[in-house]
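Sharing a structure here in C-alpha cells format.
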Amino acid sequence: MTTESPIKNLKISKELVFEFLAVFSRFEFSLKESGYFREGRNKTAEADWVRFAENMGSEFEKADSKDLLNAINYLTKEPPQQQVVENNSLKWRPIIFRVGQSLAVKALLAVRMTRNNLFHGGKHVPNSAEGRDEKLIKSSLIVLDFCINKNEDVRFDYETYAF
C-alpha cells in the first residue's frame, strides 16, 4: 500500500470504531429482516428507522438505566453535527429535530448521524471538542444495545444470522 492508512490518524480507538460500525450495520440489517424496511429511491430496500423508533417510544419513556438515560440525553441535547452547504462552502450544524418528535426518534436519528459522520468522513477538521466523537459513539452503542435487547424480533435476527 503506497498511501498511509487513514486508521493511523484516528483520534478514537480503532477497536471502538470497528465495534460501532459492526454493531450499527448488524442492527440495520436486523431492522430490515424483522420487517422495519421501506422502499427507497430506485426500489432499494432501506431500514425504516423512524417506524422502529416510533414503535420503541414507550420503551424509551420507561428507561431507567442511568447509563442509558445519560446516553439518550447526550445524543438528544448535544446531538452530532450535520454537514451542510452554506454559501457554496461546507459548514457544520447540529441536527435540527422537528417539534413533536419522540425521544426515541431523536435518539435514533442522532445514532444514524453519528454513523454517517464516521463512515462518510468530514471529521478530519477539528470541529469537535476533545473526546466528543468518542462520547457520541459510546452513547450510540448504549442506545443500539438497548434497542436490540428490547425488541425480540430485532434481537433474534441480530443474534441468529452471521455476517
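Test each condition in (1) over 16 Å from the mean Cα position of the chain (by Cα); (2) assigned to a helix (DSSP H, G or I); (3) more than 22 Å from Arg51 (Cα to Cα) for Asp153 and report the one that comes out false.
Among (1) over 16 Å from the mean Cα position of the chain (by Cα); (2) assigned to a helix (DSSP H, G or I); (3) more than 22 Å from Arg51 (Cα to Cα), Asp153 violates only (3).
I would also like to ask the following. If you take the residues of region 59-95 that are buried (at least 16 other Cβ atoms within 10 Å of the Cβ) and small (Gly, Ala, Ser), which of them is modelled with the highest pLDDT?
Ala71
Same structure again: Could you check region 98-112 and list, in sequence order, the residues that are hydrophobic (A, V, I, L, M, F, W, C) and over 20 Å from Lys135 (Cα atoms)?
Val99
Look through region 25-58, keep the residues that are surrounded by 13 or more Cβ atoms within 10 Å (Cβ to Cβ) and part of a loop (DSSP other than H, G, I, E, B), and return whichever of them is nearest to the chain's Cα centre (by Cα).
Ranking the qualifying residues of region 25-58, first place goes to Asp48.
Could you say whether any residue in region 4-21 is at pLDDT 95 or above, under 25 Å from Gly131 (Cα atoms) and crowded, with 17+ Cβ neighbours inside 10 Å?
Yes, that holds for at least one residue.
Continuing with this model, one more query. Inspect all residues belonging to region 91-112 and state whether any of them is among the β-branched types (Val, Ile, Thr), touching a helix residue (DSSP H, G or I) at 6+ places or on another chain (Cβ under 8 Å) and not in a helix (DSSP H, G or I).
Checking region 91-112: at least one residue is among the β-branched types (Val, Ile, Thr), touching a helix residue (DSSP H, G or I) at 6+ places or on another chain (Cβ under 8 Å) and not in a helix (DSSP H, G or I).
Within region 110-119, is even one residue of a type in the set (Phe, Trp, Tyr), more than 19 Å from Glu19 (Cβ to Cβ) and either touching a residue at least 24 places away in the same chain (Cβ under 8 Å) or exposed (fewer than 15 other Cβ atoms within 10 Å of the Cβ) (or both)?
no
Consider Arg26 carefully, then state whether it is charged (D, E, K, R) and under 16 Å from Leu144 (Cα atoms).
Yes, satisfied.
Please state which of the following conditions Pro79 fails to meet, knowing it meets all the rest: (1) free of Cβ contacts under 8 Å to residues at least 12 places away in the same chain; (2) closer than 18 Å to Val105 by Cβ; (3) not polar (S, T, N, Q).
Exception for Pro79: condition (1).
The values are calculated or read from the model by the stated rules, or taken from the named source; none is laboratory data. From a predicted model like this one, the values you see are computed outputs, not experimental measurements. Counting neighbours? That spans all protein chains shown, and the Cβs are built from the backbone with ideal geometry, glycine included.
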